[in-house]
Each structure stands twice: as structure tokens, then as C-alpha cells.
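What follows is a short report on a single structure.
The values are calculated or read from the model by the stated rules, or taken from the named source; none is laboratory data. All figures in this text were calculated on a predicted structure; none of them were measured in a lab. No Cβ is skipped: glycine too gets one built from the backbone with ideal geometry, and neighbour counts run over all protein chains shown. The accessibility values were calculated without ligands, DNA or RNA, using every heavy atom of the protein model including side chains. Shrake-Rupley method; radii C 1.70, N 1.55, O 1.52, S 1.80 Å.
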Amino acid sequence: MAKSKTKYYVVWIGLRPGIYESWAECKAQIANYPNATYKSFKTKQEAEQAYKKPASESIGKKAKTTARDLSAFKDEIIWESISVDAACSNNPGIMEYRGVVTQTGKEIFKLGPFEEGTNNVGEFLALVHGLALLKKKGKEDIPIYSDSKTAMAWVRNRKVKTTLKKTSKNEPIFLLMNRAIKWLENNSYKTKIYKWDTERWGEIPADFGRK
């Protein structure tokens, strides 16, 4: 008996996220969709398990991301930059954050998942992580995009105003927050931070696609 060549395609970010059994169906969901993210699997079980998790866990396994079409804003966006974002399943919930190259979406750093975090805290940590990384590499001329006014304010004021309660589960997050605040207090930086215009440009390139 000939082996079945059926593949199962997981679409995390696309017109209609889900699991599809043909390339034609998958392509219909990702074609010309900004930052569409998908990956093929050999079995339906593998696809179902992957779909339940963040796309970031499969990106390291060569998940494919379509090019983001932002050509209409080519004169507005600073392409030589990095973008940061966070994702949180609940409030509080499983949280992670990352930074990517704005133009290509290539992941530069990613931390998490952490238990009992919040999206605002993740956005703040991502922003400080980006600032520290660029300073360490001597690339403070490269700006950072964030879609969080709250995180930008916390960085500007060097103070975290969160209602998150410390527990044994989220202690690592509080350690990171304290480290981030100390870094801001003890370091100056030249990196420019800009607000990503989500309403006009769509989701920030570092978005995890959990909406």
C-alpha cells in the first residue's frame, strides 16, 4: 500500500488561523496577509499539538513567516530598527517576550514562557532587554519600536506601576523586573524609542499572533 503524502498545515497568523489539510487551503489563508505564520506537519496529531502552543515554539523548528507588506509606509517606518512585543495568555497568565528585526521579522532574543505574568510587564521587560542589548553591542543608533504606551512610560520614568502580586510561581519575573529597573537607574542610553502605529501599520513585527 502506498504511503499517504497528506500534510497538515497550521496557520497561527493568517486570514483564518487553524489547521488545513491541503496547501491550497493554507495558501488562501496566508497569501498577502501581513506577517502570516504557518508550518506543515506530517500528522494531524502533531499539527493539533502545535496549534495549541504559541507559534514561537515552532519558529525554532523552521516555521515559515511570509514577508510583511509595509511598502505603503516605506517612508514612515525606520527599517534599520528592532521591534519588541510580549504575549500573555491571561491576566495574569503564561507570559513571554521577544525582539525581532523590524524589516525581516528575524528573532533576536526571546525569553519565557514565565508563569503568572502580565502583558504590560512583558512589554516593559522586552523594551529594557532591547535597550541593554543595543548598548552592549555599541549600536545605540538603532531605534526600538514598541506598541505599548504603558511600557514606554515605565521605561521613561524608570518605575514599574503594576498590580501584579508576587508569588512563588512568578518570582523569576520579579527578579527580571528588579534587574531591569536597576539597569535603567544605573545606565544612560541614546537609543530612540518609537511607538509602533498599529492602527495604520498593522501588528508590530514582534507580535506573537495570539489574538
For segment 47-206, size of Cβ-based charge dipole, Lys and Arg +1, Asp and Glu -1, in debye: 540
Average accessible area per residue (Å²) across segment 125-211 - probe 1.4 Å, nucleic acids and ligands excluded: 59
Choice from 146, 89, 22 with maximal GNM fluctuation in the chain (Cα, 10 Å cutoff): 22
For the chain, built as a Gaussian network whose Cα springs stay under 10 Å, the top-fluctuating residue of 51, 38, 97: 51
Label assignment, semi-axes √(5λ) of the Cα gyration tensor in Å derived from the structure, set (i) 26, 20, 16; (ii) 31, 18, 16; (iii) 33, 21, 13: (iii)
For segment 115-208: rounded, prolate or oblate by the Cα gyration tensor [a/c cutoff 1.5]: oblate
Selection from 167, 143, 153 lying farthest towards where the dipole of segment 143-186 points positive, charges on Cβ: 167
For the chain, built as a Gaussian network whose Cα springs stay under 10 Å, the top-fluctuating residue of 39, 149, 74: 74
Qualifying aspartates and glutamates (Cα of each under 13 Å from Cα of residue 44; at least 8 residues distant if same chain): 21
FRET efficiency for residue 162 and residue 45, using Cβ-Cβ distance with R0 set to 41 Å, rounded to 0.05: 0.60
Residues of type aspartates and glutamates that residue 166 reaches as a straight line, Cα spacing below 16 Å, ignoring anything fewer than 8 places off in the same chain: 115, 116
Protein accessible area in segment 39-189, 1.4 Å probe - carbon and sulfur %: 47
